[in-house]
Amino acid sequence: GAGQFGGVIGYIEPLDRSTTEENSRAKEIEGGNEFVNGLVGLNVPPQFVPAIMKGFREAVERGDLAGYPMQGVRFVVEDGKAHHVDSNEH
């Protein structure tokens, strides 16, 4: 149905603060994690970035396989897909 389509492409990596350069597109998230908006172009509309960040935050709080929160990781979103009718930020 309407509002149910979207996808992101990116990667998760360990966050090494001792070698991290200041990145103006990086946003720190609770738990010592970092979100980097590396989107270029309009495949993913800018108004969807807060929802992508929220999804990352929820995923690291919930944990992956064992259900333990993840700490010290960076998620870099690079690309994605959205549809003008079937996508929304909720």
Quiz item: Counting only residues that are buried (at least 16 other Cβ atoms within 10 Å of the Cβ) and either in contact (Cβ under 8 Å) with a residue 40 or more places away in the chain or among the aromatic types (Phe, Trp, Tyr) (or both), how many does segment 56-71 have?
Solution: 1
Practice problem: Give me the pairs, please: first residue somewhere in segment 28-48 and closer than 16 Å to Phe5 by Cβ, second residue anywhere and of a type in the set (Asp, Glu) and surrounded by 13 or more Cβ atoms within 10 Å (Cβ to Cβ), beta-carbon distance under 9 Å, and either six or more positions apart or on two chains. | Solution: Asn43/Asp79; Val44/Asp79; Pro45/Glu89; Gln47/Glu89; Phe48/Glu89
Quiz item: Counting only residues that are farther than 18 Å from Glu78 by Cβ and surrounded by 11 or more Cβ atoms within 10 Å (Cβ to Cβ), which one in segment 1-19 is modelled with the lowest pLDDT?
Solution: Gly3
Quiz item: Out of all the residues in segment 40-67, which are more than 16 Å from Ile9 (Cα to Cα) and not in a helix (DSSP H, G or I)?
Solution: Gly63, Asp64, Leu65, Ala66, Gly67
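The values are calculated or read from the model by the stated rules, or taken from the named source; none is laboratory data. All of these numbers come straight from a predicted model, not from anything done at the bench. Backbone-built Cβ (ideal geometry, glycine too); neighbour counts: all protein chains shown.
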